[in-house]
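Below is one structure; the comments refer to it alone.
What follows draws every value from the coordinates through simple rules; no lab data is involved. Nothing here was measured: the structure is a model prediction, and the numbers come from that model. Glycine gets a Cβ as well: all are built from the backbone with ideal geometry, and neighbour counts include every protein chain shown.
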Amino acid sequence: MKCRVCRGPAVIDVPRHNANFCAEHFLRLCRDQTRKAIEQFAMIAPGERVLVAVSGGKDSLALWQLLHELGHEADGLYIGLGIGSGPKGRPSGDVGYSDVSGAHVRTFAAERGYRLIEIDVREEHGFDIPTAAAVTRRVPCSSCGLTKRHLFDRAALDGGYDVVATGHNLDDEAAVLFGNVLHWDTDYLARQAPVLPAGNGFPRKVKPLVRLAERETAAYCVLAGIDYQVEECPLAAGNRHLGYKDLLEQAERRSPGTKHAFYFGFLERAAELLRAGAALRAEDLGRCTSCGAPTAEGTCAFCRLQTRVGAAAPAGPVEVPTPVMVRR
Amino acid sequence: MKILLRNPRREVEVRGPRSVAGVLNDLAIERSSVLVIRNGTLVPGDEMLADDDVIEIRPVISGGMGAPGRAS
């Protein structure tokens with residue numbers, strides 16, 4: 001296998017580009033694709049302050065480093081969600097999923113001198129994601145996504161950041177699109193875009209990795225020396241999103257480039273048509289009577305969740321049957 | 001060779017020499033959904049792996065997406 005650029009030994013194949021790359025030129029490809037996405041969708045202007053939502057996984061850490069490599073001023077925000085951690089009585093030395101994720105983020109930031117902001121939902125809001133899932137009887141990803149969106153928005157506005165950047169990659173976006181199309185959820189389809197402009201009390205949100213597939217962000221991390229949380233979130237196992245990814249991956253194997261064509265075809269040909277109706281409804285948003293966040297109800301979904309979990313939860317965190325990560 | 005697998009974390013032994021593609025085939029793992037790592041760097045599919053190599057086969061799929069909505 002030879003690198004398409006230099007003809008030296010390749011370390012990775014990228015079937016959707018019908019090409020192989022050496023480490024140096026693959027890293028350059030990732031930078032170029034990220035820069036292209038930022039420019040193509042006018043995500044970040046020169047000099048703007050970026051808040052990167054970091055989880056300790058491959059995508060968010062890769063994004064944080066890529067933004068710095070491209071010359072952007074980017075700080076990280078990590079939210080401790082209390083997943084697979086906290087309950088007493090575990091053997092000494094064992095730590096939970098969120099503990100491991102947080103450690104990866106802190107080490108990454110410290111080694112590079114990046115500024116990291118942390119929020120612990122248990123300490124600051126009195127609940128964690130396993131408890132929220134148990135009380136609401138909904139899939140954990142629902143409470144998790146709601147909590148993260150709310151806290152990222154607020155931290156960005158409070159901190160004076162111009163934009164929130166998340167590590168959603170091409171596979172993520174194609175899978176979300178696939179799910180929304182299967183259910184013809186036109187409200188979600190109208191909001192699915194690589195850039196959500198600021199307004200109505202929300203900061204601008206951008207997804208600079210939409211031109212990179214999941215395997216490519218993972219490979220970027222390995223080749224760039226980024227030590228990330230490899231283990232899957234124990235609460236995400238078997239969720240619908242992973243099922244959609246699996247179906248799209250089967251199509252991609254048969255016809256490389258399918259995910260890119262699906263997602264970017266949607267952006268080019270359908271997204272604008274769906275956005276017109278949604279824009280009218282967005283003007284109806286008011287402000288949460290408790291925290292001031294934008295909401296269509298009197299109290300926003302995050303404050304309702306916090307109140308509900310706080311009223312129903314036991315004194316300590318809920319133990320869920322999750323794999324234990326052993327500290328190496 | 002010693003092979004580290006993830007999600008869940010476990011180790012298996014495979015006799016070498018064997019190509020990366022051959023090892024993945026033996027383990028019924030689709031190459032497009034993993035990275036093969038040796039000594040901290042990626043190993044392409046046509047590379048031969050020695051009997052004394054230590055390899056990690058790392059999945060690249062991650063989930064845990066919240067609903068993609070925006071307004072709270």
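Loop-only check: which GluC sites (Glu not before Pro) in the stretch A:12-68 are DSSP coil with at most 15 other Cβ within 10 angstrom?
Values: sites: A:Glu24, A:Glu39, A:Glu48; in loops: A:Glu48.
The qualifying sites are A:Glu48.
So how do A:Leu242, A:Leu209, A:Leu182, A:Leu66 line up by other beta-carbon neighbours within 10 Å, fewest first?
With the sparsest Cβ surroundings first, the list reads A:Leu182, A:Leu242, A:Leu66, A:Leu209.
Among A:Ala174, A:Ala74, A:Ala45, which one shows the highest mean-square fluctuation when chain A is modelled as a Gaussian network with alpha-carbon springs under 10 Å?
Its mean-square fluctuation being the largest, the pick is A:Ala45.
Name the residue, out of A:Gly310, A:Gly76, A:Gly102, whose mean-square fluctuation peaks in a Gaussian network model built on chain A with Cα pairs under 10 Å.
Top of the fluctuation ranking is A:Gly310.
What nm value, rounded to one decimal, do you get for the distance between A:His17 and A:Asp284 when each label is placed 7 Å out toward the C-beta?
4.5 nm
Please give the FRET efficiency for A:Asp185 paired with A:Lys36, using the beta carbon to beta carbon distance and R0 = 22 Å, rounded to the nearest 0.05.
So the FRET efficiency works out to roughly 0.15.
Take the Cα coordinates of chain A, assign each an equal point scatterer, and use the Debye formula without solvent to give log10 I(q)/I(0) at q = 0.09 Å⁻¹.
So the normalised log intensities work out to -0.49.
Could you give the size of the charge dipole of the protein assembly as shown about its Cα centre, using +1 on the Cβ of each K and R and -1 on the Cβ of each D and E, expressed in debye and rounded to the nearest 20? List each step's numbers first, then the result.
Details: 50 positive and 49 negative charges, 73 e Å.
For this selection, approximately 360 debye.
For the stretch A:124-178 and the stretch B:6-47, compute the distance between their C-alpha centroids and round to whole Å.
33 Å
Under the rule of at least 5 residues apart or a separate chain, name every residue whose amide H is placed under 5 Å from the amide H of A:Gly96.
Excluding prolines and chain starts, which carry no amide H, the hits are A:Gly86.
How well do other chains shield peptide A:229-241, expressed as the mean number of their Cβ atoms within 10 Å of each residue Cβ?
4
Starting from the Cα of A:Glu124, step 7 Å toward the Cβ, then list every residue of the stretch A:146-171 with an amide N under 20 Å from that point.
A:146-167
For the pair A:Asp246 and A:Asp158, how long in nm is the line joining their label points, each one 7 Å along Cα→Cβ?
Label at A:Asp246, label at A:Asp158, 3.9 nm between them.
Restricting to DSSP H runs of at least four residues, report the calculated mean residue ellipticity at 222 nm for the protein assembly as shown, -39500 (n - 2.57) per run over all residues, nearest 500 deg cm²/dmol.
-13000 deg cm²/dmol
Please turn the phi angles of the stretch A:219-229 into ³J(HN,Hα) values with the Karplus equation 6.51 cos²θ - 1.76 cosθ + 1.60 (θ = phi - 60°), one per residue in order, whole Hz, x for glycine and proline.
5, 4, 4, 4, 6, 8, x, 9, 8, 10, 6
Among the listed pairs A:Lys58/A:Lys205; A:Lys207/A:Lys259; A:Lys207/A:Lys245; A:Lys148/B:Lys2, which are separated by more than 27 Å between their Cα atoms?
Exceeds cut-off: A:Lys148/B:Lys2.
Scan the stretch B:1-59 for GluC sites (Glu not before Pro) in coil per DSSP, keeping those whose Cβ has at most 14 other Cβ atoms within 10 Å, and list them by number.
Taking the stretch B:1-59 and a limit of 14 other Cβ atoms within 10 Å, the loop GluC sites (Glu not before Pro) found are B:Glu30.
Who wins for biggest fluctuation among A:His104, A:His168, A:His125 in a Gaussian network model of chain A, springs between alpha carbons below 10 Å?
A:His125
Using a 10 Å cut-off on Cβ to Cβ distances, tally the other chain neighbours for every residue of A:139-150 and report the average as a whole number.
Mean shielding by partner chains, rounded to a whole number: 3.
Provide a whole-number value for the mean count of partner chain Cβ atoms within 10 Å of the Cβ atoms in peptide B:5-14.
Mean partner-chain Cβ count within 10 Å for B:5-14: 2.
Run through all the Cα pairs of the stretch B:2-59 and give the fraction in each 10 Å bin from 0, expressed as whole percent.
With 10 Å bins starting at 0, P(r) equals 24, 67, 9.
Scan around A:Ile117 for amide H atoms under 5 Å from its own, H built in the peptide plane at 1.01 Å from N, and keep only partners 5 or more places away or cross-chain.
Excluding prolines and chain starts, which carry no amide H, the hits are A:Gly76, A:Leu77, A:Tyr78.
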